[in-house]
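Written below as structure tokens is the structure these notes are about.
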Protein chains: 2
Amino acid sequence: MQYETKKRSIFKAISWRTWATATTAIIVFIFTGEFALAITIGFLEVFAKMALYFFHERLWQKITYGKKEVPSFVLWFTGLPASGKKALADAVYQELLKDKLKVERLDGLDVRPLFPETGFSPEEVNRHVKRSAHLCAMLEKNGVIVIASFVSPYSESREFARQVTTNFVEVYMQTTVEACQQRDRKGHYAKALSGEYQNFPGIDVEYETPLNPEITIEVDNVTIEESTRQIISYLKGNYLNNK
Amino acid sequence: MQYETKKRSIFKAISWRTWATATTAIIVFIFTGEFALAITIGFLEVFAKMALYFFHERLWQKITYGKKEVPSFVLWFTGLPASGKKALADAVYQELLKDKLKVERLDGLDVRPLFPETGFSPEEVNRHVKRSAHLCAMLEKNGVIVIASFVSPYSESREFARQVTTNFVEVYMQTTVEACQQRDRKGHYAKALSGEYQNFPGIDVEYETPLNPEITIEVDNVTIEESTRQIISYLKGNYLNNK
């Protein structure tokens, strides 16, 4: 929760008084033509009202009317391995940080160490994704915006994430297995093809295409900057408009 | 993140103007003795300054100076089963909610369904507590106050929780196995003694007494209201003092 310090109220009082006393002195001068009177009244006003302004600010500290929380949401990137989820999610995260928003960034691989015994079978992946969805929901409920990137190849656990969260924004990285293989610098696809990795989405298990994602990124036709703008524009239109 | 609506700024402008124009009119009247002049100047000032005040407020919306976050912390209750952790943690939680603070309440049993395969062996309990500590740390990092109650009988995982969090407040529920047995309405101790439960702290595994808890509650000598006050007083002295 945010609060405002007494120093802030003092600075606001001084800043307000500078503007306001000038106005008073000018009005008095226009009406009376007396320069000395205008200055004297202005001078007295400075002290009386600066103190009053300070107490006015402190009083409004206790009034919650018109103080709003920026709505939080879960921005969930799903797509084949090496479809560019992580890089795009990181770019969007950096954009939101610029707006001084409270954002948490969760990547599938970073979350795994929290649940050390998790494997890669469809059941384990579903369980991992569901647990992570609970984590997202808890952060979202507490006013934190969550940027999550998980391969999350199975509809079941993605739908679960949609249900446990309040504002779920699914970003589908639309591309092909072939394009991902070409992009894949870490050699994951080669390992999956050689049999070193099992249950690899796009190779030996199906990546279940999202049916109604909020945002579809045509990975192979757009730059990361364009995709970032596309997502930020969606968010400003739906959640960050009131700020 | 919080923001203030335009309506709030308008209401503040009206509220401020009521006080401030009265002051101006009185000062003008005292100096000129002219009632009509005082009223005219006051009247003109109302419109000029109300608009100015509004823009002054909107400008200060963009200035972050003197806006502070209430520091968050993890209040961690540890103690034997049926030592009263949950009830006391709930009472403290309700107190903090009254102050409109952002608080998450985590109880050991509520968190378990998130990690369905977790058992009760010392290794599994340590793992469960450590995962929960990560969750607490993530919430704390994002400005959420966490009230956690876990039997957490082993020093190892409690120390881990202390390390991964920033402001860790350990509350030790000091009591005896005998007193807990008497308090235990759910019959857990009886089941542990009959062998139905294994690894039950205080019965067949040791509850490792915290060595340097921030707060010790003498469960058998104080009421829940007194304990709540003791904890709130500690928190006001250490984390919630600046508000």
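Read the figures in this text as sums done on the coordinates, not as results from a lab. Small disclaimer: the values here were computed from a predicted structure and weren't measured. Reconstructed Cβ throughout: ideal geometry from the backbone, glycine too, with neighbour counts over all protein chains shown.
Set the Cα radius of gyration of chain B against 2.2 N^0.38 Å, with N its number of residues, and you get 1.54.
Quick one: work out the % antiparallel among DSSP beta bridges in the protein assembly as shown, nearest 5.
Roughly 15 percent of the DSSP beta bridges within the protein assembly as shown come out antiparallel.
Counting only DSSP beta bridges whose two residues both lie in chain B, roughly 0 percent are antiparallel. Its residue count N sets the reference 2.2 N^0.38 Å, and the alpha-carbon radius of gyration of segment B:114-243 equals 1.15 times that reference. Placing one equal scatterer on every Cα of segment A:6-61 and applying the Debye formula, the log10 ratio I(q)/I(0) at q = 0.12, 0.20 Å⁻¹ is -0.31, -0.67. Note on segment B:50-110: Rg/Rh from C-alpha atoms, Kirkwood Rh, equals 1.29.
Derived value for segment A:179-243: Kirkwood hydrodynamic radius 14.6 Å. Basis is the mean of 1/r over every pair of different alpha-carbon atoms.
Here the contact order of segment A:74-238, divided by its residue count and restricted to Cα pairs under 8 Å and six or more residues apart, works out to 33 percent.
222 nm [θ] for chain A, helices only, -39500 (n - 2.57) per DSSP H run of 4+, per residue, to 500?
Values: 9 runs with 130 residues, N = 243.
Result for chain A, helices only: -17500 deg cm²/dmol.
Taking segment B:127-199, which trypsin sites (Lys or Arg not before Pro) meet the DSSP loop condition and have no more than 15 other C-beta atoms within 10 Å? Please report the intermediate quantities before stating the final value.
On the way: sites: B:127, B:130, B:131, B:141, B:158, B:162, B:183, B:185, B:186, B:191; in loops: B:185, B:186.
Passing sites in segment B:127-199 are B:185, B:186.
In plain terms, the residue of A:128, A:188 with the fewest other Cβ atoms within 10 Å comes first and the most crowded comes last, giving A:188, A:128. Modelled this way, with points 7 Å down the Cα-to-C-beta line, the labels at residue A:5 and residue B:178 are 5.4 nm from one another. Summing charges over all other residues whose Cβ lies under 11 Å from the Cβ of residue A:166, with Lys and Arg as +1 and Asp and Glu as -1, gives +1. Rounded to whole numbers, the Karplus 3J(HN,Hα) couplings from phi for segment B:44-58 are 4, 4, 3, 6, 4, 7, 5, 5, 4, 4, 4, 5, 4, 4, 5 Hz, using 6.51 cos²θ - 1.76 cosθ + 1.60 with θ = phi - 60°, and x at Gly and Pro.
Could you tell me the ratio Rg/Rh of the protein assembly as shown? Both radii from Cα atoms, Rh via Kirkwood. Intermediate values should be presented prior to the final figure.
Values: Rg = 29.6 Å, Rh = 26.7 Å.
So for the protein assembly as shown, dividing Rg by the Kirkwood Rh gives 1.11.
Would you please give the FRET efficiency between residue B:68 and residue A:50, computed as 1/(1 + (r/R0)^6) with r the Cβ-Cβ distance and R0 = 22 Å, to the nearest 0.05? The value I calculate is 0.45.
Summarising the label geometry, the points placed 7 Å from Cα in the beta-carbon direction at residue B:15 and residue A:190 lie 6.7 nm from one another. Within a straight-line Cα-Cα reach of under 26 Å, residue A:186 can be paired with the following lysines, leaving aside sequence neighbours fewer than 8 residues apart in one chain: A:85, A:86.
DSSP loop trypsin sites (Lys or Arg not before Pro) in segment B:1-70 with at most 16 other Cβ atoms within 10 Å of their Cβ, which ones?
B:62
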